[in-house]
1. Is it true that I369 is surrounded by 18 or more Cβ atoms within 10 Å (Cβ to Cβ), out of contact with any Phe, Trp or Tyr (no Cβ under 6 Å at 6 or more places or on another chain) and at pLDDT below 95?
2. Taking interchain pairs and intrachain pairs at least six residues apart, which have beta carbon atoms under 6 angstrom, with the first residue in the stretch 476-492 and of a type in the set (K, R) and the second within 15 Å of the ligand (Cβ to nearest atom)?
3. Which condition number does G413 fail, the rest of (1) surrounded by 18 or more Cβ atoms within 10 Å (Cβ to Cβ); (2) of a type in the set (G, A, S); (3) touching a Gly at 6+ places or on another chain (Cβ under 6 Å); (4) closer than 26 Å to L304 by Cα being met?
4. Taking only the stretch 247-284 into account, find how many residues are touching a residue at least 12 places away in the same chain (Cβ under 8 Å) and within 24 Å of the chain's Cα centre (by Cα).
5. Which condition does I444 not pass, out of (1) open to solvent by 10 Å² or more (accessible area, probe 1.4 Å); (2) among the aliphatic types (A, V, I, L, M); (3) under 28 Å from G26 (Cα atoms), if it passes all the others?
6. Residues in the stretch 315-331: is at least one acidic (D, E), buried (at least 24 other Cβ atoms within 10 Å of the Cβ) and under 28 Å from G457 (Cα atoms)?
7. Looking at this structure, is S153 of a type in the set (G, A, S), over 23 Å from the mean Cα position of the chain (by Cα) and part of a loop (DSSP other than H, G, I, E, B)?
8. Just to verify a result, which residue in the stretch 208-217, among those that are touching a residue at least 40 places away in the same chain (Cβ under 8 Å) and either over 19 Å from R253 (Cβ atoms) or open to solvent by 10 Å² or more (accessible area, probe 1.4 Å) (or both), is farthest from the ligand (Cβ to nearest atom)?
Amino acid sequence: MPPAHPFDFDAVRDVCDDDKLKEECGVFGVLGTTDAANFVALGLHALQHRGQEAGGIVSYDATQGFNSARRFGYVRDNFTSQSIMETLPGPLAIGHVRYSTSGSKAQTAIRDVQPFFGEFAMGGAAIAHNGNITNAIALRRELIERGSIFQSSSDSECIIHLMARSLQRNVPERMEDALRRVEGAFSIVAMTRTKLIGVRDALGVRPLMLGKLPTGYVLSSETCALDIIGAEFVREIEPGEMVVITDDGIESRFPFRSRKSRFCIFEHVYFSRPDSILGGRSVYETRENIGRELAKEAPVDADLVCPVPDSGTPAAIGFSLESGIPYAMGIIRNQYVGRTFIEPTENIRNMGVRLKLNVNRALVRGKRIILVDDSVVRGTTSRKIKEMILDAGAAEVHFRIASPPTAWPCFYGVDTPQREKLLAATMSEDEMCAHLGVDSLKFISLDGLYRAVGEAGGRDSAAPQYCDACFSGEYPVEPADMIEKGFEMKAAE
Ligand code: SF4
């Protein structure tokens, strides 16, 4: 174990980021360019916000066959090395970045880092996914009883074993067969020797984009990663669609029963990068709209609107524009607090938020401050930020939150604390306000959030347009594994 370091940035990350929901994965794939793995590395770098714990790339080259590299840490620290990239030749590659649900590198084995690879009678295939298979426990149990030998603890390995047992003739057909047994919310990129394959679950909960390069095609969790490699955005993969891409073009299949889409509304609020496009809408503009809605729903007399950087920034700008209250950077984020694998020390953990966020004292002294943040999960960071602002001499602190109260865990590929650890699961809005010790606390309403993402009539309660289970407790895909583990669903009203 390396010695403790006086500046333990891992501890800082943990203190600050444990109070956020965390997207667990990003996927990227390229077909039809020389050294596709280099493009995949760049794409994964642009998707790093979707998972910082580990990453992997599999490539295929006609002479060298399949090759893979899987590493802990940032993409830039691993997949920029010539010695690694030279081992990943070929015109076809897929990659994955992940965040560990267990929260610690020591608890995650490299065998859980995707993409996974399987050798079948008709050739090999690699697969990476973003999201969750909600019946993975039952599937794994059944597969093990029938003789499958699992090499990882990841639920996506079930797909490889289901494909191995399928009697279909080729990999795409075997994958279709496998996916019909799988329930959940996921986007997949996969590859064979000649094909790049993309799949979205029947509800399209997680994103997957199709891009075009001059000589090939790209699949990516977000459009911002297409931009970085100069790919043109073509379209989103449809909910329930499987695309099979070869040098001859794109074939589209629909292996799932047709259902109304339920895209994750939290992608608009927080997970996706603000320079991405989702559902034809700029994520940045949507977040600005959320701020405007919040200002209409929960106005307050104040001197300055300040974001909790960086994720609260567009909503704070929207709040300021709508309310006419000046916008200012009352909190400055140290952009260089990154991740290391140095073990935490208690004294640095206690400094926590201050190492990452610092109050602009001259600006806030004597002022009534509206602080705009994207969400409140446990409330630990919000309390510390409030203390810092008051210590700096602010006269009042009003929290405005760009999402409704997060009262339910996500089981669709987002790391959330257990329900009892979610502040909104155990407290009313007034109780949360008292607990955080702020002058006022308001969350955007669910209808307000829907209006901000373009649904002028708000949420259709009979047939919601998005997945909003972490706010509403209404899960569009039954979390069978979690129910087996004792999770209690919300009682029907
Ligand atoms: S539960 Fe929340 S975070 Fe999870 S997919 Fe649904 S909206 Fe997104």
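The values are calculated or read from the model by the stated rules, or taken from the named source; none is laboratory data. It should be emphasised that the depicted structure is a prediction, and the values quoted were computed from it without experimental measurement. Heads up, the Cβs are rebuilt from the backbone with ideal geometry, glycines too, and the neighbour counts pull from every protein chain shown. The accessibility values were calculated without ligands, DNA or RNA, using every heavy atom of the protein model including side chains. Shrake-Rupley method; radii C 1.70, N 1.55, O 1.52, S 1.80 Å.
1. In short, no.
2. K490/G473
3. With respect to (1) surrounded by 18 or more Cβ atoms within 10 Å (Cβ to Cβ); (2) of a type in the set (G, A, S); (3) touching a Gly at 6+ places or on another chain (Cβ under 6 Å); (4) closer than 26 Å to L304 by Cα, G413 is out only on (4).
4. Total meeting the criteria: 25.
5. Only one criterion is unmet by I444, namely (1).
6. For the stretch 315-331, residues acidic (D, E), buried (at least 24 other Cβ atoms within 10 Å of the Cβ) and under 28 Å from G457 (Cα atoms): absent.
7. no
8. Going through the qualifying residues, I end up with T215.
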